[in-house]
Amino acid sequence: MLLLALLVTVVYGNYAAAELALVQPWAYLVGLGFVACLLGSVLLHELGHAVVARRNGIGVRRITLELLSGWTEMERDAPSPRVDALVSLAGPLVSMLLGGVATVAAVLLPERTVPGEIAFQLAASNLLVAVFNVLPGLPLDGGRALRAAVWALLKDRNRATVVAGWSGRVLALLTAATVVVLYQVGVLTMFGMLFVLLVVMTLWHGAGQSIRLGRMTGRFPLINLSQLARPLLTVPAGTPLGEAQRRRSEDPRPGAVLAVTDSAGTLTALVDPVAAERVPVDRRPWVSVESVSWSRDVLTSLPVGLTGEQVVRALQAHPGAQYLVTAGEDVIGVLRVADVAAVLEPQRVPRRPQRT
Ligand SMILES: [Zn+2]
């Protein structure tokens, strides 16, 4: 972002020097002022989203500013299509108002002066941001409004997200085709075309993420800890890794996970399958299981009764590869994060019981 700010300062500064007959460093200062105005415009756009969200009881965690776009992180999703639509359209509305005010200022201020020039540029950039953002495809604001409408129609937020995501992909393709045509008829420069195509690529990627997220969220209810928990095969501390693996290979339960117990029979650690695989086969009779294990203290426990959404939140809050599934004080099994991924995205990760 700093590089981009520097680039805009220099390019705009040079332009101001030529256009307004300014001497350096004053022209660069005007360039810097333009960067500050752009940032301010993006901030006000994001504040539009944030204020409407908070007025509807949705907390706002943070606003991230980039030079040409921003991102408002909210504590939770909108509870209804109406609120979703209001929050998403508030940003473009602010940009539209700013663009309108700047247009009036640009008309009133004398031409070929610094204030007049900046007002003109601000009018152009804010109107551009407003128009671009109301295009009806995720991840744009207009895409969120479209999702709200489809959500109200289908009564299914996740399917609406997928629909608005596909709309975003179609928009990205149409935009790409349009700029290529505009370049060929000479309206756009090569630089302009490449710049827009870069934006289109981000749009395409964001639309794909939205589709993926909508599909995955729709599958949250399928996460059932009592079904996903792999059975435990416990061995006492001090057991050689080779012997533990031999016992597991004889265990009839598919996907059983090796765990270590102390002399009282209490579970103290889980064998790390990756670390265990790294031990050369001829060394395994001399390596004890606990030396390739995660201590129970560092593992996160998930009560078996959690809903699918609660499980996903817990996995996000405590990233790891395996989790203990508990019923009261008892550990009843192990959840592997890969097994959750297989439920959420069956087409990406074919589920199969692993023997590791
Ligand atoms: Zn926005």
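Residue-by-condition table, conditions (1) surrounded by fewer than 20 Cβ atoms within 10 Å (Cβ to Cβ); (2) over 22 Å from Phe132 (Cβ atoms); (3) within 24 Å of the chain's Cα centre (by Cα):
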residue	(1), (2), (3)
Asp156	yes, yes, yes
Gly192	yes, no, no
Ala207	no, no, yes
Ser210	no, no, yes
Met216	yes, yes, yes
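Residues considered: Leu47, Leu39, Leu6. Of these, the only one that is away from the ligand (no atom under 16 Å from the Cβ), under 26 Å from Val199 (Cβ atoms) and not hydroxyl-bearing (Ser, Thr, Tyr) is Leu6.
Applying the selection to the range 160-200, what residues are of a type in the set (Ser, Thr, Tyr) and either assigned to a helix (DSSP H, G or I) or in the same structural domain as Ala78 (by TED's automatic domain parsing) (or both)?
Residues satisfying the conditions are Thr161, Ser167, Thr175, Thr178, Tyr183.
The strands (runs of 3 or more DSSP E) found wholly in the range 242-356 and carrying at least 1 residues that are touching a residue at least 24 places away in the same chain (Cβ under 8 Å) and over 17 Å from Ser226 (Cβ atoms) occupy 257-261, 267-271, 293-295.
Taking the stated definitions as given, is Ala106 within 14 Å of the ligand (Cβ to nearest atom) and in the same structural domain as Gly33 (by TED's automatic domain parsing)?
No.
When residues in the range 1-53 are screened for being in a helix (DSSP H, G or I), among the polar types (S, T, N, Q) and surrounded by fewer than 17 Cβ atoms within 10 Å (Cβ to Cβ), 1 of them pass. Any chance the range 226-233 includes a residue that's in a helix (DSSP H, G or I), more than 30 Å from Val131 (Cβ to Cβ) and in contact (Cβ under 8 Å) with a residue 40 or more places away in the chain? The answer is yes, given that some residue of the range 226-233 is in a helix (DSSP H, G or I), more than 30 Å from Val131 (Cβ to Cβ) and in contact (Cβ under 8 Å) with a residue 40 or more places away in the chain.
For the range 69-102, filtered to residues that are in a loop (DSSP other than H, G, I, E, B) and either of a type in the set (Ser, Thr, Tyr) or within 22 Å of Phe120 (Cβ to Cβ) (or both), the residue that is farthest from the ligand (Cβ to nearest atom) is Ser80. Against the test of being at negative phi and within 12 Å of the ligand (Cβ to nearest atom), the options Ile63, Ile58 yield a single qualifying residue, Ile63.
Yes/no per residue for (1) away from the ligand (no atom under 16 Å from the Cβ); (2) within 24 Å of Leu65 (Cβ to Cβ); (3) free of Cβ contacts under 8 Å to residues at least 40 places away in the same chain:
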| position | (1), (2), (3) |
| --- | --- |
| Asn126 | no, yes, no |
| Phe132 | no, yes, yes |
| Pro139 | no, yes, no |
| Thr161 | yes, no, no |
| Gly165 | yes, no, no |
| Val200 | yes, yes, yes |
| Trp204 | yes, yes, yes |
| Arg212 | yes, no, no |
| Met216 | yes, no, no |
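The values are calculated or read from the model by the stated rules, or taken from the named source; none is laboratory data. On a predicted model such as this, the values are computed, not experimentally measured, just so you know. For neighbour counting, all protein chains shown are included, and Cβ atoms are generated from backbone atoms with ideal geometry for every residue, glycine included.
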